Amino acid sequence: MNKSVRIVEVGPRDGLQNERAEVPTAVKVELIERLAEAGLPAVEATAFVSPKWVPQMADHTEVLERIRRKPGVSYPVLTPNLKGFEAARAAGAAEVAIFGAASEAFSKKNINCSIAESMDRFRPVADAAKTAGVKVRGYVSCVLGCPYEGEVKPERVADVAAALYEMGCYEISLGDTIGTGTPGKTRAMIEACAKRVPLEKLAGHYHDTYGQALANIYASLEMGVHTFDASVAGLGGCPYAAGASGNVATEDVIYMMNGLGVRTGVDLGKLVAIGRWICEVLGRESSSKVNRAYKGK
């Protein structure tokens with residue numbers, strides 16, 4: 001088991017993108033800056049996607065231009081195509097992310113193309129990023145199940161992860177989009193991916209729909225994975241299961257890592273305060289068990 005892990009905070013993008021009420025740009029900027037100050041080494045800032053499809057991210061340029069960047073912290077942004085990459089680059093992006101799926105049905109529903117077509121769409125982004133000296137991170141959705149196809153074979157996940165890695169992605173984040181994964185399935189999926197992509201280049205992105213996210217993180221940690229995505233206060237529900245939790249809460253992940261003696265560099269007290277603040281702003285309850293426990297003390 002690794003003695004230290006890297007946490008990629010996805011709350012400002014993955015967490016906020018499905019909020020129905022418009023979140024003010026100033027709130028997004030403050031959230032990103034506070035998370036960086038709490039010690040998170042990577043804070044996913046926004047997504048350069050069409051406002052037609054994701055209205056919440058319409059202020060992407062302003063968000064990226066306004067944040068005060070902390071030295072040593074990366075602020076990746078989602079760029080699904082070359083147009084998005086060029087806009088992100090113009091706004092000062094130093095790291096971008098592209099996202100594919102291990103399920104054909106999900107790929108067609110989510111980005112309106114097949115898996116093979118999505119790879120063709122991402123290749124120019126990866127090439128342009130390489131030319132510009134911009135880091136590229138890859139996401140794979142539905143690695144432990146699909147809302148349309150059900151079970152997804154580990155080998156299919158490995159195929160997509162390998163394609164993104166060969167394209168130039170420095171890291172591949174494996175996403176349990178609907179949160180149906182269990183530790184046994186997680187191990188099998190990582191084993192398959194590690195045959196095609198170096199283990200140290202894999203990251204875990206587990207949703208907590210069925211309460212399995214921390215267990216899946218622990219299973220991944222035991223296998224040697226040392227990067228995990230999480231969202232402060234568990235921001236971001238699961239759109240495929242009404243009322244269900246989505247992203248695993250960063251506070252809960254940090255609490256577990258602290259208990260294991262695994263270094264994260266993140267200040268849990270500051271993180272709890274940030275989670276409480278953003279939930280008050282959004283008018284919602286925190287999905288973090290740790291935050292709720294702290295509140296009850």
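The values are calculated or read from the model by the stated rules, or taken from the named source; none is laboratory data. Bear in mind the structure is a predicted one, so any value in this text is a computation, not a measurement. So basically every Cβ, Gly included, is an ideal-geometry build from the backbone, and we count neighbours across all protein chains shown. Just so you know, the surface numbers come from the protein's heavy atoms only, side chains and all, with ligands and any DNA or RNA stripped out. Shrake-Rupley method; radii C 1.70, N 1.55, O 1.52, S 1.80 Å.
Tally the residues that are part of a helix (DSSP H, G or I) and surrounded by fewer than 24 Cβ atoms within 10 Å (Cβ to Cβ), restricting the search to region 34-56. Break it down stepwise before answering.
Filtering region 34-56 for residues part of a helix (DSSP H, G or I) gives 34-37, 55-56.
Still in the list and also surrounded by fewer than 24 Cβ atoms within 10 Å (Cβ to Cβ): 34, 36-37, 55-56.
Of the residues in region 34-56, 5 are part of a helix (DSSP H, G or I) and surrounded by fewer than 24 Cβ atoms within 10 Å (Cβ to Cβ).
Name every residue in region 160-190 that is buried (at least 17 other Cβ atoms within 10 Å of the Cβ) and of a type in the set (D, E), in order of residue number.
E171, D176
Going through region 57-95 one residue at a time, which ones are in contact with an Asp or Glu (Cβ under 6 Å, 6 or more places away or on another chain) and either assigned to a helix (DSSP H, G or I) or under 20 Å from E171 (Cβ atoms) (or both)?
S74, P76
For the structure I just gave you, tell me whether A116 is free of Cβ contacts under 8 Å to residues at least 40 places away in the same chain and farther than 21 Å from V10 by Cα.
Yes.
Quick grid of which residues meet (1) closer than 19 Å to E19 by Cα; (2) in a helix (DSSP H, G or I):
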residue	(1), (2)
A192	no, yes
V197	no, no
H205	no, no
A215	no, yes
L221	no, yes
E251	no, yes
L271	no, yes
S287	yes, no
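Open to solvent by less than 10 Å² (accessible area, probe 1.4 Å), β-branched (V, I, T), in contact with a strand residue (DSSP E or B) (Cβ under 9 Å, 6 or more places away or on another chain) and closer than 28 Å to K130 by Cβ - does that describe any residue in region 199-221? Can you show your working first?
Quick first cut of region 199-221, residues open to solvent by less than 10 Å² (accessible area, probe 1.4 Å) only: 202-204, 206, 213, 216-217, 219-221.
Of the ones still in play, those that are also β-branched (V, I, T) are 217.
This time we only want the ones that are in contact with a strand residue (DSSP E or B) (Cβ under 9 Å, 6 or more places away or on another chain), so: 217.
Retained after the next criterion (residues that are closer than 28 Å to K130 by Cβ): none.
No, that holds for no residue.
Condition check ((1) open to solvent by less than 10 Å² (accessible area, probe 1.4 Å); (2) part of a strand (DSSP E or B); (3) charged (D, E, K, R); (4) farther than 12 Å from V96 by Cβ) across all residues:
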| residue | (1), (2), (3), (4) |
| --- | --- |
| K108 | no, no, yes, yes |
| D120 | no, no, yes, yes |
| D127 | no, no, yes, yes |
| T131 | no, no, no, yes |
| V140 | yes, yes, no, yes |
| V143 | yes, no, no, yes |
| Y148 | no, no, no, yes |
| E155 | no, no, yes, yes |
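Inspect region 82-89 for any residue being open to solvent by less than 30 Å² (accessible area, probe 1.4 Å), at pLDDT 95 or above and under 22 Å from I274 (Cα atoms) and give the result as yes or no. Even if it seems obvious, please write down each step before you answer.
Residues of region 82-89 open to solvent by less than 30 Å² (accessible area, probe 1.4 Å): 84-85, 88.
Filter once more, keeping what is at pLDDT 95 or above: 84-85, 88.
Imposing the further condition that a residue be under 22 Å from I274 (Cα atoms) reduces the set to none.
No, region 82-89 contains no residue that is open to solvent by less than 30 Å² (accessible area, probe 1.4 Å), at pLDDT 95 or above and under 22 Å from I274 (Cα atoms).
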